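Values quoted throughout were computed directly from the atomic coordinates according to the rules given, and no laboratory measurement underlies them. Here the structure is a predicted model, which is why all the values come from computation and not from measurement. Cβ atoms come from the backbone with ideal geometry, glycine included; neighbour counts cover every protein chain shown.
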Amino acid sequence: MFQNDAELRPTGGFLTAYATMKITKGKIESGISQDIYTLDAGFKRKVPAPDPIKKYLPLVYTWNLRDMNLSPDFKVSMDTFTTHMRDSTAEPEYDAIIAIDTEVPVRILKVLGPIGVPGYGGKFSAENDPRCDCPQVIYELENIITRPTYEIREGRKSILGPLMNSMLANMMGSPKAKWAEFFNIFTESVNQKHLLMYFNDESKQNAVEVLGAAGRINSYSGDYLHINDTNFAGAKSNLFVENEVAQEITRNDDGSLTKKLTLTYKNPRKGDNCNLEAGQLCLNGLLRDWIRVYIPKGSQLKAGRGFEADMETGEDLGYTVFEGFFTLAPQSVKKLEVEYKTPAGTVDGDYKLLIQKQPGTDPVKHTITLGSGKPKVYTVDSDQEIILPR
């Protein structure tokens, strides 16, 4: 399953396309390759759209399969997705879903070098493309998948299968000296949540959860933070958006924390012509971001600033959740502030914090200031536990 992280969704990206493969005793056989709209075309049951989609995704009133990865917990999202996929006449046979974003093919192509993909012409590579200042393979994927066209281009998003097949064939034919590099790509992609796994078999699912490869939202005793962004009809702006987080933390006598989060989002690139009639490739447009901040259960919101509407408080996956919405135009900066207090007993002894990274995102700079101490800077590229002495 290809999650397009240029259009960020809760589990790592918009569910764009899928390909099937069969593995028997180490031998790989390619299967079908389709875009996500093939599944949706066979999904005849009308499921009412949940509130976030009705509020933030314009003119969408029913819940499509392509929008069902709304939970930041990958297993929860895939449980929902696969349950409804059973009602699609196009449901493929499968034992597992392996989700990747654009970072995986980019990393593989950095080792392989340029490769050809039958039926799509030219070469795909990880070299920088000045048209987007991004890897060439990303530009070509977006150009094939998203450029408006007046002609019918059936299955244009089904490039995933041929691309993966070409990469696998080239990997298998590579000198054994390169296999260690491919293994490192796999392990790093899992650790950094660019590759997620979901199994029908409970024992296999438990195994990938133990390995940290299942994209779960974990329970934690101490302070906790997960920031989850969802691009609802904001072009492919996440390809260009940069963000960082500052945390100012005060410990209280009862073990509660008073915290101020400052979230900075920056889009330094000029916007594209996103008028559909122009027929141009619209990558960078107005980002429309539904944001959720997961924090210790029982926390109380004191203030939320910079959002388009008042933040709302709820509960999900064992945490309190503050949610809001904001927009970010190209060549602009947006600062959001969230102030809250955690419940008594959040910390006892050393200060402990678990930051869980959202799948599909680049490393994020976190600056943490505890009390009157000096700011400490962390680059969060995977789930990270931070312990600061009392």
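So what is the relative contact order of the chain, in percent, for Cα pairs below 8 Å that sit 6 or more residues apart?
So the answer I get is 17 percent.
Give the residue from I355, I144, Y37 lying farthest towards the positive end of the charge dipole for the chain; charges sit on Cβ (+1 for Lys and Arg, -1 for Asp and Glu) and the dipole is referred to the Cα centre.
I144
Over the range 2-210, calculate the relative contact order: mean separation of alpha carbon pairs under 8 Å at least 6 apart, over the residue count, as a percent.
About 23 percent, as a whole number.
Pop the C-beta distance of Y120 and R251 into the FRET formula with R0 = 56 Å and round what comes out to the nearest 0.05.
Between Y120 and R251 the formula returns 0.50.
What's the ranking of 325-337, 23-35, 288-300 by average number of surrounding C-beta atoms within 10 Å, highest first?
288-300, 325-337, 23-35
Could you work out the relative contact order of the range 1-117, using alpha carbon pairs under 8 angstrom and six or more residues apart, expressed as a whole percent?
29 percent
Would you mind checking which residues have amide H under 5 Å from D129's amide H? H placed 1.01 Å from N; only 5 or more apart, or other chain.
C134, Q136
Size of the dipole of the range 223-388 about the Cα centre, Lys and Arg at +1 and Asp and Glu at -1 on the beta carbon, nothing else charged, in debye to 20? Please report the intermediate quantities before stating the final value.
Details: 20 positive and 24 negative charges, 105 e Å.
With Lys and Arg at +1 and Asp and Glu at -1, about 500 debye.
Name the residues whose placed amide hydrogens come within less than 5 Å of the amide hydrogen of A49, ignoring near sequence neighbours (fewer than 5 apart) on the same chain.
T62, W63
So how compact is the range 223-388: Cα radius of gyration and Dmax in angstrom?
17.1, 61
T369 to A169: FRET efficiency via 1/(1 + (r/R0)^6), r the Cβ-Cβ distance, R0 41 Å, to the nearest 0.05?
On the way: r = 51 Å, r/R0 = 1.24.
Approximately 0.20, to the nearest 0.05.
Could you work out how far the C-alpha centroid of the range 200-272 sits from that of the range 31-89, in angstrom?
The two parts, judged by their Cα centres, are 23 Å apart.
Output the peptides 368-380, 168-180, 227-239 sorted from most to least packed, where packing is the average of other Cβ atoms within 10 Å over each peptide's residues. Working shown, then result.
Details: 368-380: 13.2, 168-180: 11.2, 227-239: 23.3.
The most tightly packed comes first, giving 227-239, 368-380, 168-180.
Counting only DSSP beta bridges with both residues in the range 2-210, what percent are antiparallel, rounded to the nearest 5?
Close to 95 percent.
Kindly provide the Kirkwood hydrodynamic radius of the range 91-244 in Å, to one decimal, from all pairs of distinct alpha carbon atoms.
Every distinct Cα pair counted, the radius reaches 18.0 Å.
Put a dot 7 Å past each Cα toward the Cβ at T83 and K176; how far apart are the dots in nm?
Distance between label points: 4.8 nm.
What percent of all Cα-Cα pairs in the range 169-220 falls into each 5 Å bin, going from 0 up to the bin containing the maximum distance?
With 5 Å bins starting at 0, P(r) equals 5, 18, 20, 18, 16, 13, 6, 2, 1.
Against the longest alpha carbon principal axis of the chain, how many degrees, from 0 to 90 and to the nearest 10, is the axis of helix 160-172 turned?
80 degrees
From the backbone phi of the range 174-189, what are the Karplus-calculated ³J(HN,Hα) couplings (6.51 cos²θ - 1.76 cosθ + 1.60, θ = phi - 60°) in whole Hz, Gly and Pro given as x?
7, x, 4, 4, 8, 5, 5, 5, 5, 5, 5, 4, 4, 5, 5, 5
Spin-label point model (7 Å from Cα, Cβ direction): what's the E244 to K22 distance in nm?
5.2 nm
For a quick check: with amide H placed at 1.01 Å from N, whose amide H comes under 5 Å from R269's, ignoring anything fewer than 5 positions away on the same chain?
Sorted by chain and number, the residues that satisfy this are Q331.
Would you compute, from DSSP H runs of 4+ residues alone, the mean residue ellipticity of the chain at 222 nm, taking -39500 (n - 2.57) per run and dividing by the full residue count, rounded to the nearest 500?
-6000 deg cm²/dmol
What is the Cα centroid distance between the range 13-29 and the range 288-361, reported in whole angstrom?
Using only Cα atoms to place each centre, the spacing works out to 35 Å.
Suppose we look only past 20 Å in the calculated P(r) of the range 2-210. What percent of the Cα-Cα pairs does that tail hold?
That fraction is 61 percent.
Hey, what's the Kirkwood Rh for the chain if you take every pair of different alpha carbons, in angstrom?
One decimal place: 22.1 Å for the Kirkwood radius.
Using θ = phi - 60° and the Karplus curve 6.51 cos²θ - 1.76 cosθ + 1.60, what whole-Hz ³J(HN,Hα) does each residue of the range 270-275 get, with Gly and Pro shown as x?
5, x, 8, 7, 9, 6
Determine ³J(HN,Hα), in whole Hz, for all residues of the range 37-45 in sequence, where each value follows from phi through the Karplus function 6.51 cos²θ - 1.76 cosθ + 1.60 and θ = phi - 60°; x replaces Gly and Pro.
Once rounded to whole Hz, the list reads 5, 5, 5, 5, 5, x, 9, 8, 6.
Take every DSSP beta bridge with both residues inside the chain and express the antiparallel ones as a percent of the total, to the nearest 5.
90 percent
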